[in-house]
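The values are calculated or read from the model by the stated rules, or taken from the named source; none is laboratory data. Keep in mind it's a predicted model, so treat the numbers as computed, not measured. Cβ sites come from the backbone with ideal geometry, for glycine too, and all protein chains shown count toward neighbours. When the accessible area is computed, the model is the full protein with side chains, heavy atoms only, and any ligands, DNA or RNA have been set aside. Shrake-Rupley method; radii C 1.70, N 1.55, O 1.52, S 1.80 Å.
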Amino acid sequence: MSSAVNNPASSSTPSEPSGATAPSTATDPNTPTAEASSGAPEKPQSSGRGKLIAFFLAFIALGAVLIIPIETIDWQGQIALGLLAFAVIMWVTEAVSYPVSSVLIISLISLLLGFSQDPENPGEIVGTSAALKTAMAGFSSSAVALVAAALALAVAMQATGLHRRLALYVLRLAGEKTSNIVIGAIIISIILAFFVPSATARAGAVVPILLGMVAAFGLATNSKLSALLIITATQAVSVWNVGIKTAAAQNLVAVGFIESEMGRTVSWGEWFLWAAPWSVLMSIALYFIMRWAIKPETESIEGGKALVDKQLEEMGPMSGAEKRLTAIAVILLLFWATEGVLHPIDSSVITIVAIGIMLLPGIGVMDWKYAQEKINWGTLVVFAVGISLGMFMLETGAATWLSEKTFGAIGLQSMPLLATIALVSLFNIVIHLGFASATSLSSALIPVFIALAATLDVPNGGLGFVVIQQFVICFGFLLPVSAPQNMLAYGTGAFTTRQFLKTGIPLTIIGYLLVLLFSATYWNWIGLV
């Protein structure tokens, strides 16, 4: 393809070569058809009937919750519980796409709350105008602005091909030994996590390169070597979703709730201090688990380094857009890391300023038209509506009621904090099996965990407890359907569900045990819990 396609900024700087090969549709997570186009197995036609059933089941569940008398919660809280049941069924079954279900949630909040009695003015209804403000409240969260900017940053990386160049540089240094390439795949995920705030984009950058190396050696896509390398790269992405605040949208959901409901801001540096050590140890564990779980056909990929060199040669020297993006990304990272230490500028503001610079003619890396086409605005809608629903649950007392009914029976209040973290984290891991989107899972669970934290005798008003549960929400290790980046990799046919599970089970167990170990030691020492 021509550089004009691959580098949208080339229209303003036509003399500069892009240096990037066009990212394939499969590696572009910011298009609505990302997963389908990645080669993922198509769902059978009969699934349409199942989705139709799930669609009506969601409305039936909503109606059932509204009809059942619940004396310990007021009517608006009951509406919030009904909408949560509706949302969970929609999200788990994907009866309709996430953006469509989000629009339905906005509509239902506006109507059900709008025609309910106003508790502050007896005899009057809330009104649909006021209810719509509640339904749209999430859009005013600074976390939504950060997500929008993060999506734009990921698109800028794809526009220039910089993330792919970084991956190729690391693999060239790794050489041809299989063990070194496995380490290289992990290191790529770590590096990209700092600069590419999209898990699917990070996986999409490295998976095609690794498959190319396997093909160059003459092995099939479904070989054990492919499974080893592709699963390693994918699991490493999930590991570092925990380690870096801006690496995944679900982290920003949690931060949004923490800011709005707990009155506490979590800086990029604080999150890194808390989570990065856990991710470092998990990365080491990942290497040994992968080497144990999958034995490749060969311990050396002859010709792999030549293939990497060839692809770098095809990309050509770094284009002006890549150099500018590198400079912007490094400066942005420095501002993130020093937030609250060297300057008071919020990470959301910093990121928006950076995106503004990226869009400027001449000094930017892409134009608005390209960004408008490539950014998945539906993700932003889902994110904001998830925050709106969570805030509605917290404000009406529904989250507190749900927390009491779910965890109150087992007496968490009287348990040591470590036992509470152990039980709730286990619950969290099991619930994740039903969710393909960690962002939706955060929207559903973080309000409940905030309400639960308010009932516990824990430091910092329960901040550490909530943050730790967000770390666990990022666990996408068990199944290919546990995360979008897993499905992208699974769609290549490089591994089976059984192979993924063989690595995912020990990773989940070790991750869970490390959460408990850190809760008893490191996180306790630094005052998080």
**OP:** Within the range 383-442, track down each residue that is within 25 Å of Ile73 (Cα to Cα), open to solvent by 10 Å² or more (accessible area, probe 1.4 Å) and of a type in the set (Val, Ile, Thr).
**Re:** Thr396, Thr400, Thr406, Ile410, Ile431
Original post:
When both residues are 6+ apart or on different chains and their Cβ atoms are under 9 Å apart, which pairs have a first residue that lies in the range 389-412 and is at positive phi, and a second that is part of a helix (DSSP H, G or I) and open to solvent by less than 20 Å² (accessible area, probe 1.4 Å)?
Top reply: Gly397/Gly77; Gly397/Ala80; Gly397/Ala451
**OP:** Return only the number of the condition from (1) out of contact with any Gly (no Cβ under 7 Å at 6 or more places or on another chain); (2) in a helix (DSSP H, G or I); (3) not hydroxyl-bearing (Ser, Thr, Tyr) that Ala276 does not satisfy.
**Re:** (1)
Subject >> Failed item in (1) farther than 21 Å from Phe518 by Cα; (2) in a helix (DSSP H, G or I); (3) not hydrophobic (A, V, I, L, M, F, W, C), with Gly434 passing the rest >> reply: (2)
**OP:** Pull up the range 378-419, narrow it to residues that are over 21 Å from Glu261 (Cβ atoms) and not in a helix (DSSP H, G or I), then point me to the one that is modelled with the lowest pLDDT.
**Re:** Gly411
Subject >> Number of the condition not met by Ala34 [criteria: (1) modelled with pLDDT under 50; (2) open to solvent by 50 Å² or more (accessible area, probe 1.4 Å)] >> reply: (2)
Subject >> helices (runs of 4 or more DSSP H) (entirely within the range 456-529) containing at least 3 residues that are open to solvent by 40 Å² or more (accessible area, probe 1.4 Å) and under 21 Å from Phe288 (Cα atoms) >> reply: 497-520
**OP:** Could you please find all residues in the range 341-364 being open to solvent by less than 70 Å² (accessible area, probe 1.4 Å) and either in contact with a Ser or Thr (Cβ under 7 Å, 6 or more places away or on another chain) or not hydrophobic (A, V, I, L, M, F, W, C) (or both)?
**Re:** His343, Asp346, Ser347, Ser348, Thr351, Gly356, Gly362, Gly364
**OP:** Those residues that are crowded, with 24+ Cβ neighbours inside 10 Å and either outside the structural domain of Thr496 (by the TED database) or in a helix (DSSP H, G or I) (or both), I need them from the range 246-270; list them, please.
**Re:** Thr246, Ala247, Ala249, Gln250, Asn251, Leu252, Val253, Ala254, Val255, Gly256, Phe257
**OP:** Can you give me the number of residues within the range 65-120 that are open to solvent by less than 40 Å² (accessible area, probe 1.4 Å), aliphatic (A, V, I, L, M) and outside any loop (DSSP other than H, G, I, E, B)?
**Re:** 16
